[in-house]
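Student: First, the structure itself, so that you have it in front of you.
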Amino acid sequence: MTGSWFGDAPQQLSERFGWTFLVKIQQKLMWFDPLAQPMIFLKLASTLIFNGDVFCCDFFVDEQWKLGNIMGTQLDVLFAGKRKSNFAWAKWSVGNKCLVCRHKAICRGGCLKERLVLGAFNRESCFCESYKQFFDYAMPKFMQIAAQVK
C-alpha cells in the first residue's frame, strides 16, 4: 500500500516534491564533498529581495548572511564571496548521525534552519526522525517510479 498521495503514475507526482527526489535517485547522487567540488553549492539558489540585496537563503535574510546588492555588485562576485562560502560549509557540516545515515544522499542533513532548532548548524535536523520514517516508507516506490521514468 502506497497511499493516495502517490497516485498511479509518475506524472501525478508533485513537481516540487516528487520529481526532486526522483532526479536525485536517477542521477545516483553521492554524498556531496565540498572539498572535491566546492563551486557546486556556491552556484545554487540565493535570495534576492525588493531592494536588490542578495542573501544566502530565504530563511537567513539578515546582515550576517547578506552577500551584497546586485545594484552595485555582479552576481558572480557575490557568489564567490566569503559569506557564501561560509554558508556552504555550514550546510555541509552535518551532525555525526547524518554521516552514517542510510538517507544522507537524499536528506543531506536537512535545512539549516531545521538544525538551528536543536542549537547549531552541525546538528541533525529537528525533523530527522520524521524524514527517516518518510524515506523508509516512500523510497521503494520512488525507486520503482525512477526506473520507469528513465
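The values are calculated or read from the model by the stated rules, or taken from the named source; none is laboratory data. Keep in mind it's a predicted model, so treat the numbers as computed, not measured. Quick reminder, even Gly has a Cβ in these numbers, built from the backbone with ideal geometry, and neighbours come from all protein chains shown. Areas reflect the complete protein model, heavy atoms only, side chains present, ligands, DNA and RNA absent. Shrake-Rupley method; radii C 1.70, N 1.55, O 1.52, S 1.80 Å.
Student: Answer yes or no as to whether GLY68 is surrounded by 16 or more Cβ atoms within 10 Å (Cβ to Cβ) and farther than 17 Å from THR47 by Cβ.
Tutor: Spelling it out, it is not the case that GLY68 is surrounded by 16 or more Cβ atoms within 10 Å (Cβ to Cβ) and farther than 17 Å from THR47 by Cβ.
Student: So which helices (runs of 4 or more DSSP H) are wholly in the stretch 76-150 and hold at least 2 residues that are farther than 25 Å from CYS56 by Cα and open to solvent by 70 Å² or more (accessible area, probe 1.4 Å)? Step through it out loud before you land on a result.
Tutor: Working: elements: 82-92, 96-99, 104-107, 112-116, 128-149.
Qualifying helices (runs of 4 or more DSSP H): 128-149.
Student: Answer yes or no as to whether PHE21 is modelled with pLDDT of 50 or more, surrounded by 13 or more Cβ atoms within 10 Å (Cβ to Cβ), within 19 Å of the chain's Cα centre (by Cα) and among the aromatic types (Phe, Trp, Tyr).
Tutor: Here the answer is yes, as PHE21 does meet what is asked.
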